[in-house]
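J.: Here you go, one structure.
The values are calculated or read from the model by the stated rules, or taken from the named source; none is laboratory data. As the structure is a prediction and not an experimental result, all values here were calculated from the model. Note that each Cβ is placed from the backbone with ideal geometry, even for glycine, and that neighbours are counted across all protein chains shown. SASA here: full protein model, heavy atoms, side chains in, ligands and nucleic acids out. Shrake-Rupley method; radii C 1.70, N 1.55, O 1.52, S 1.80 Å.
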Amino acid sequence: MKRIHLTATAIIGEAADLADEAGFDAVTLSAVARRLGVQTPSLYSHIRDHAALLDGITALALAELADRAAVAIAGRAGRVALHSFADVHRAYSQESPGRWQSLQRRAGAAAVESIAARNFVALTNAVLLGYDLPQGERVHATRLIGSTINGFLTLERIGSFDHSEPAPEASWRKTLDALDSLLLAWPTDSQNRTHR
């Protein structure tokens, strides 16, 4: 049983490791305290409550993902940047499944307003700079990218693609190419009005 100097960072890091090992739903204050070799009340000097612990994992995951994404998309644009950005998500979901699960929840204000969240939004915007999208359309495109990546990875994680051919890798590449095509052909407001 490990015993370390308690800080919010150490506690959240331990909770994130527990999430990766046992699943995000296994993260409780008492489980983390046991791993740290302390009594649960000892954690409350550093972590407000269970919700704050979960938000801490989310903020940590955002920071780690943003660091990886920044390296992956550096010097790249358009399709290549989009593929690199998405591939970082996929690798992270496979290597750190509990941390990645923390990103698939409605996060509290502490996580949403964190520096890590702002950095991640900036990186998503950097990917979108490779496409000719009006500023007002970027929020819609961001939602499309997030929905596509997270939807695919969720289905892959629960084994939805395990019972048919081809392997998920082929579908992943086609999905990202289709997403690139959608972003390149993004409808303008005038096109939207024409189809009403």
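J.: Size of the dipole of the stretch 73-125 about the Cα centre, Lys and Arg at +1 and Asp and Glu at -1 on the beta carbon, nothing else charged, in debye to 20?
T.: 100
J.: In whole Hz, what ³J(HN,Hα) sequence does the stretch 57-66 give by Karplus (6.51, -1.76, 1.60; θ = phi - 60°), x for Gly and Pro?
T.: Values per residue, Gly and Pro as x: 5, 4, 5, 4, 4, 4, 5, 5, 5, 5 Hz.
J.: Would you mind working out the magnitude of the charge dipole of the stretch 20-173 relative to its Cα centre, with +1 at each Lys and Arg C-beta and -1 at each Asp and Glu C-beta, to the nearest 20 Debye?
T.: Rounded to the nearest 20 debye, it is 300 debye.
J.: Assuming R0 = 25 Å, what is the FRET efficiency of Arg76 and Thr175, from their Cβ-Cβ distance, to the nearest 0.05?
T.: The formula returns an efficiency of 0.85 here.
J.: Compute the distance from the alpha-carbon center of the stretch 131-167 to that of the stretch 62-91, in whole Å.
T.: 14
J.: What value, in deg cm²/dmol to 500, does the helix sum -39500 (n - 2.57) over DSSP H runs of n ≥ 4 give at 222 nm once divided by the residues of the chain?
T.: -21500 deg cm²/dmol
J.: May I ask you to compute the full-extension gain from Thr9 to Leu155, defined as 0.36 nm times their residue separation minus their alpha-carbon distance, rounded to one decimal in nm?
T.: Working it through step by step, the gained length comes to 49.4 nm.
J.: Given a Förster radius of 25 Å and the C-beta distance between His46 and Glu95 as r, what FRET efficiency does 1/(1 + (r/R0)^6) yield to the nearest 0.05?
T.: That gives a FRET efficiency of 0.40.
J.: Using θ = phi - 60° and the Karplus curve 6.51 cos²θ - 1.76 cosθ + 1.60, what whole-Hz ³J(HN,Hα) does each residue of the stretch 138-149 get, with Gly and Pro shown as x?
T.: Karplus values, whole Hz, x for Gly and Pro: 5, 5, 5, 5, 4, 5, 5, 4, x, 5, 5, 5.
J.: Moving on to the next point. Among Tyr44, Leu179, Leu133, whose Cα sits farthest toward the positive end of the charge dipole of the chain (+1 at Cβ of Lys/Arg, -1 at Cβ of Asp/Glu, about the Cα centre)?
T.: Tyr44
J.: Here are labelled values, (i) 0.99; (ii) 0.93; (iii) 1.04, and one is the computed Rg/Rh (Cα atoms, Kirkwood Rh) for what I pasted. Which one?
T.: From the options (i) 0.99; (ii) 0.93; (iii) 1.04, the structure gives (iii).
J.: Counting only protein heavy atoms and using a 1.4 Å probe, what share of the accessible area of the stretch 42-178 belongs to carbon plus sulfur, as a whole percent?
T.: 55
J.: Now, a different point. Distance between Cα centroids, the stretch 1-33 to the stretch 92-106: provide it in whole Å.
T.: If we compute the Cα centre of each part, the gap is 15 Å.
J.: Return the single residue from Leu155, Leu82, Leu179 with maximal mean-square fluctuation; model: Gaussian network over the chain, springs between Cα atoms under 10 Å.
T.: Leu155
J.: A further question on this structure: Relative to the Cα centre, what is the charge dipole magnitude of the stretch 26-112, using +1 at the beta carbon of each Lys and Arg, -1 at the beta carbon of each Asp and Glu, and rounding to the nearest 20 debye?
T.: 140
J.: Note down the net charge around Ser114, summing +1 for each Lys or Arg and -1 for each Asp or Glu among other residues with Cβ under 13 Å from its Cβ.
T.: Neighbourhood net charge equals -2.
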